[in-house]
1. Sorted by accessible area (1.4 Å probe), largest first, how do 57, 20 line up?
2. Per-residue accessible area for residue 96 at 1.4 Å probe radius, Å² rounded to 10?
3. Work out the charge dipole of the chain with +1 on the Cβ of Lys and Arg and -1 on the Cβ of Asp and Glu about the Cα centre, then indicate which of 16, 164, 186 is farthest towards its positive end.
4. For segment 2-209, give the magnitude of the charge dipole about the Cα centre (Cβ charges: +1 Lys/Arg, -1 Asp/Glu; no others), in debye to the nearest 20.
5. Please report the carbon-and-sulfur percent of the accessible area for segment 137-176; probe 1.4 Å, protein heavy atoms only, DNA, RNA and ligands left out.
6. Starting from 0.36 nm per residue, how many nanometres of slack lie between residue 73 and residue 17 once their C-alpha separation is accounted for?
7. Please report the net charge: other residues with Cβ closer than 11 Å to the Cβ of residue 21, K and R +1, D and E -1.
8. Counting only protein chains, not ligands or nucleic acids, how are 91, 147 ordered by accessible area (probe 1.4 Å), most first?
Amino acid sequence: MAVALEDLKFTLQEVLDTFKSCLSEHKDVFLEHYVAGWRGLVRFMNCLGSVFSFISKDAVNKIQILVNHLNGENGAHYVTIQSMVKYELDSQLVDLTKRGSFPESGCRTLLRLHRALRWLELFLERLQTSTEDSNTSVMCSEAYNESLAQHHAWIIRKAAGTAFWALPGRATFFDVMNVGSPEQVMAVLGDTLPLISEVYQVTEDLYAQNNILELP
Ligand SMILES: CCCCCCCCCCCCC/C=C/[C@@H](O)[C@H](COP(=O)(O)O)NC(=O)CCCCCCCCCCCCCCC
């Protein structure tokens, strides 16, 4: 248990640090740090129990696709999300209307994580304004219904909804975050949320400008 908690401490700090280092001064989003942020989140989720493993498997799969792009021969084009979008669109490496030749494009893969980041933002906002008797499962499903659920088929929504009921209660959830007292958790959330929101908004604007918010 002690080892697991140590891992978590590192993980949550890492999440905070990586989202901090995601944005350049010109508001470019570094893919390497974005992916590292997701790795941290997945590690945290894995500590919550095996009911979440179908979710983390999909996230890990998508993270790996992006890492492969980053480490591939065209990796230089994948340094920032902005350069990735430009490169893939200019080179016609994205399926724009229906799935076809490029099921693993960086643009469509990142879009799935981007939508999940909106869930995270909404969930953390709820945690931040929660009180002792707030229910994490309810907060989680409300955040999900307002964001990711709109992009998921019925069967996925059903499975996700079932998994949410296995979330630990607020006190345990805060303990697992392992950043200290509830007041300290609130302080960490206060630090993290604006960073996550900004990364989300910059990405959202980029995808909107390029008309790629609905990639298949
Ligand atoms: C803490 C509890 C975790 C709740 C996570 C809420 C998100 C629920 C998502 C359910 C996704 C189910 C798996 C399948 C997904 C795919 O169908 C679907 C579409 O992909 P496709 O177009 O390639 O087919 N994939 C996705 O939408 C990407 C989902 C990625 C989910 C990553 C969730 C990571 C959650 C991290 C939790 C961290 C909590 C931290 C709190 C301090």
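The values are calculated or read from the model by the stated rules, or taken from the named source; none is laboratory data. None of the values given here were measured: they were computed from a predicted structure. Cβ: placed from backbone, ideal geometry, glycine included. Neighbour counts: every protein chain shown. Accessible surface is based on the protein model in full, side chains and every heavy atom, while ligands, DNA and RNA are left aside. Shrake-Rupley method; radii C 1.70, N 1.55, O 1.52, S 1.80 Å.
1. My answer, sorted largest first, is 57, 20.
2. Using a 1.4 Å probe on the heavy atoms, I get roughly 110 Å².
3. Checked the options; the winner is 164.
4. Around 760 debye, computed over segment 2-209.
5. On the way: 1280 of 2130 Å².
Using a 1.4 Å probe with all protein chains present, segment 137-176 comes out at 60 percent carbon and sulfur.
6. 17.4 nm
7. On the way: positive: 20; negative: 14, 17, 32.
Result for the local shell: -2.
8. Largest accessible area first, the residues go 91, 147.
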